Each structure stands twice: as C-alpha cells, then as structure tokens.
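The values are calculated or read from the model by the stated rules, or taken from the named source; none is laboratory data. What you are looking at is a predicted structure, and each value in this text was computed from that prediction instead of being measured. Glycine gets a Cβ as well: all are built from the backbone with ideal geometry, and neighbour counts include every protein chain shown. Accessible surface areas use protein heavy atoms only, side chains included; no ligands, DNA or RNA. Shrake-Rupley method; radii C 1.70, N 1.55, O 1.52, S 1.80 Å.
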Amino acid sequence: MKWRRKELGIEMESDEEEQRVPLRNRAELSDVIPVEQDDGPNPVVAIWYKEEFRETMDYFRALYKADERSPRALELTSMAIEFNPGNYTVWHFRRSVLEALRHDLHAELALTERIAQTNSKNYQLWHHRRWVAEKLGTSATTEELRFTQRILSMDSKHYHAWSHRQWVLQALGGWEQELDYCHHLLQEDIFNNSAWNQRYFVITRSPFLGGLKAMRESEVCYTLNAIVTCPENESSWRYLRGLYKDDNSSWVNNPQISSVCLEIINAKANFVFALSTLLDLISHGFQPSQEFKDAVDALRISDSQPRDSDVAKAACSVLESVDSLRANYWKWYNSKHFQNA
C-alpha cells in the first residue's frame with residue numbers, strides 16, 4: 001500500500017489504511033537515509049515520541065535537508081502535518097514543494113479545510129491558507145468567504161476567521177454582500193461584538209459604500225434601533241460612538257442620540273450605557289434640558305442619596321452606585337470633567 005492519507009484529502013490505494021507500513025519498509029523511500037533529531041550529547045529531559053511520529057520526522061528531515069521538491073516530499077509533508085499541524089517548518093517546506101510541482105492549489109484549499117475541522121485555531125494553517133488564496137487570486141474569493149463563514153457559524157468570534165475574511169475582502173474583493181452578512185449575524189445575536197466590528201470595517205473600508213460620512217445617517221438609524229431593542233448591549237453603543245470618530249460636533253448636535261438616551265433613562269432599566277453616553281455628550285458641549293435633570297434625578301437609588309443640580313455630576317453619582325465594577329472610574333471621570341462645572 002502507498003502511504004497516502006485519506007483524512008488529508010490524498011487518495012488511498014488500499015482499504016486497509018489502518019495498517020500502516022513503516023517508512024523504512026517502503027520501496028519508494030528505499031534510497032532515503034533518515035536524519036534523526038539532534039538533541040545534543042546529554043539531553044536533560046529527552047522527549048518521548050511515538051514511533052510513527054519519530055520515523056516520519058526522520059524521513060522528513062532527510063528530504064528537507066536535501067531540498068527535494070518531489071511528489072514523495074509533498075506526501076511526506078502531509079503525513080508530518082497530520083501528526084503535528086503546528087510545525088511551521090513542515091508547512092514552509094510544503095509551500096516550496098507546491099510551487100516546484102505546480103500542484104493544484106484548489107486541492108490544497110480542500111486539504112486545509114479538512115484540517116480546520118479539528119484544528120481551526122492553528123496559526124500555521126491560516127498562514128498557509130492565505131498563501132494559497134493569494135496565489136489563486138480572485139478565483140479564490142468566493143470560496144474563501146464561504147470558508148470563513150463556515151468557521152464562524154461554529155464560532156462567531158473566531159479571531160483567525162475574522163482576520164482572514166478581512167484580508168480576503170481587501171486583497172481579493174467580495175465586498176458586495178458583506179454588509180448583509182453582518183446584518184444576518186446581528187439578527188442571530190445582537191451581542192456579537194465581532195459582527196459589529198466587521199460592520200464598521202465594511203462601512204469604513206468598502207470601495208462601494210462611500211466611507212464613514214456617506215454611511216453615517218443610515219448607520220445611526222440602524223444602530224439606534226438596535227440600542228432601543230437591547231439597551232444593555234455595550235457593542236451597539238460603542239459602534240454608535242465610532243460613527244462619529246473625529247467629528248464631535250456632529251456627535252453632540254444629533255438630536256436622535258440624546259433623545260434615545262433620554263428615552264432609555266426614563267425607562268429606568270438597563271440605562272448604564274445611556275448614562276455614560278449622556279456624560280460623553282456633555283463633556284463635548286451638549287447642554288442637557290430640564291427633562292434630563294428630572295430623568296437622572298429619578299434614578300437615585302434612595303432619598304438618602306444626595307441630589308445634585310448638575311446633570312453630569314448627578315449621572316456620575318448614579319453610575320458610582322449602579323455600576324460597581326467601574327465605580328472608581330466614575331469618581332475619577334467626575335473629578336476630571338465636571339469638578340469645576
């Protein structure tokens with residue numbers, strides 16, 4: 001039997017794949033002299049390896065040392081990767097062999113996808129996948145977006161998948177449906193901060209949407225609807241603030257934002273982020289009305305809690321009480337921004 005591994009997408013020539021023939025007994029490797037691992041003359045703690053792994057790496061080292069870029073070298077890297085998908089040297093050599101053989105890189109994408117099913121957070125795997133996609137160019141765009149979508153359907157905050165997806169969009173294209181994809185993810189889970197991050201990435205980087213200022217009005221409406229639906233979701237509040245990056249004047253002067261803050265504060269539930277947003281507005285020049293004063297005053301936990309005629313100081317006082325995790329921060333924020341007000 002030849003030593004091709006079904007689980008790596010390389011065709012088996014025998015149904016008895018579990019019956020492994022040692023490499024030293026295989027005719028196609030009879031001319032190869034294995035190179036053992038050099039642990040030095042007196043290793044302090046010698047590592048114990050399984051015999052199959054040790055032998056595979058000994059033969060790999062021999063072909064690597066000879067810089068042999070052949071079909072058997074490619075197959076040997078498949079075996080080595082199966083034993084240890086995190087071995088950077090094996091992946092690096094495999095790329096050299098793939099180039100030399102002009103191997104079918106679409107098949108290589110299929111191989112990496114199979115490995116990702118059980119080892120999706122492997123840095124070397126994603127680096128290799130990007131290299132292959134870059135070689136294939138725009139012909140790989142659709143498959144790469146589908147691939148990351150499959151990974152994200154299992155782990156919606158998978159860092160490697162999001163990073164790869166952003167690279168694909170910038171290097172290979174595929175922006176057209178990305179905003180809809182973000183919307184789909186947020187419909188499934190409005191707390192998905194990775195999807196909010198991707199949405200911001202799209203509106204600020206897509207060559208088809210016109211940039212942040214062009215998208216601001218529609219995105220503010222979209223975000224405010226999300227906030228009203230779930231005011232305790234910090235991600236949507238952060239996204240809203242990001243829509244006014246480097247434009248505090250527009251941030252302060254949009255009545256929709258202060259109006260939503262007032263609505264949520266008046267509801268007296270899940271108002272922490274509404275209060276903190278109000279404070280941010282005030283620190284940049286917003287002048288709260290009597291309605292805000294009354295709404296914030298109504299949030300006092302008890303009558304024993306002192307009243308403060310200054311809306312900002314009153315809001316900080318409320319946050320010190322209800323947002324215990326950041327109580328010291330709100331004390332500092334009060335002293336820094338409003339102590340002389």
For segment 245-276 and segment 60-112, distance of Cα centres in Å: 56
Can you list, bin by bin at 10 Å, the percent of alpha carbon pairs in segment 124-211, starting at 0? 17, 53, 28, 2
Hey, what angle do you get for helix 88-101 against the long axis of the chain, alpha-carbon based, 0 to 90 degrees rounded to 10? 60
For semi-axes √(5λ) of the Cα gyration tensor in Å, the listed values are [x] 52, 25, 14; [y] 90, 22, 16; [z] 59, 23, 16; which was obtained by calculation from the structure presented? [z]
If I stretch the segment between GLU188 and THR138 completely, what's the gain in nm (0.36 nm per residue apart, minus their alpha carbon distance), one decimal? 15.0 nm
In Å², rounded to a whole number, the accessible area per residue of the chain with probe 1.4 Å is 54
May I ask you to evaluate 6.51 cos²θ - 1.76 cosθ + 1.60, the Karplus curve with θ = phi - 60°, for each residue of segment 42-54 and list the ³J(HN,Hα) values in order in whole Hz, giving x for glycine and proline? 9, x, 5, 10, 5, 7, 8, 10, 5, 4, 5, 5, 4
Stokes-Einstein translational diffusion, segment 9-154 - Kirkwood Rh over all Cα pairs, 1.002 mPa s, 20 °C, in µm²/s: 127
Highest mean first, what order results for 72-84, 199-211 on Cβ atoms within 10 Å? 72-84, 199-211
Share of accessible surface on carbon and sulfur in the chain, whole %, 1.4 Å probe and ligands ignored, is 48
Between ASN25 and SER259, 0.36 nm times their residue separation minus their Cα-Cα distance comes to what? 76.4 nm
Could you tell me the center-to-center distance, by alpha carbons, between segment 127-171 and segment 17-41 in angstrom? 36
Which whole-number percentage describes the relative contact order of segment 222-341, with Cα contacts under 8 Å and a sequence gap of 6 or more? 19
Hey, with R₀ at 30 Å, roughly what FRET efficiency would SER163 and ASP38 work out to, going by the Cβ-Cβ distance, to 0.05? 0.25
Modelling each spin label as a point 7 Å along the Cα-to-Cβ direction, I'd like the LYS65/ARG300 distance in nm, to one decimal. 8.3
Residues in segment 107-130 that a label on HIS92 would reach, taking backbone N under 20 Å of a point 7 Å out along Cα→Cβ: 122-130
Angle, helix 178-188 long axis vs. longest principal axis of the chain, Cα atoms, 0 to 90°, nearest 10? 70
Checking the a/c ratio against 1.5 first, then a/b against b/c, what shape does the Cα gyration tensor give for segment 81-129? oblate
Asserting the computed 222 nm helical MRE of the chain (DSSP H runs at least 4 long, -39500 (n - 2.57) per run, divided by residue count, to nearest 500) equals -19000 deg cm²/dmol
Cα long-axis angle, helix 159-172 against the chain (0 to 90 degrees, to the nearest 10): 80
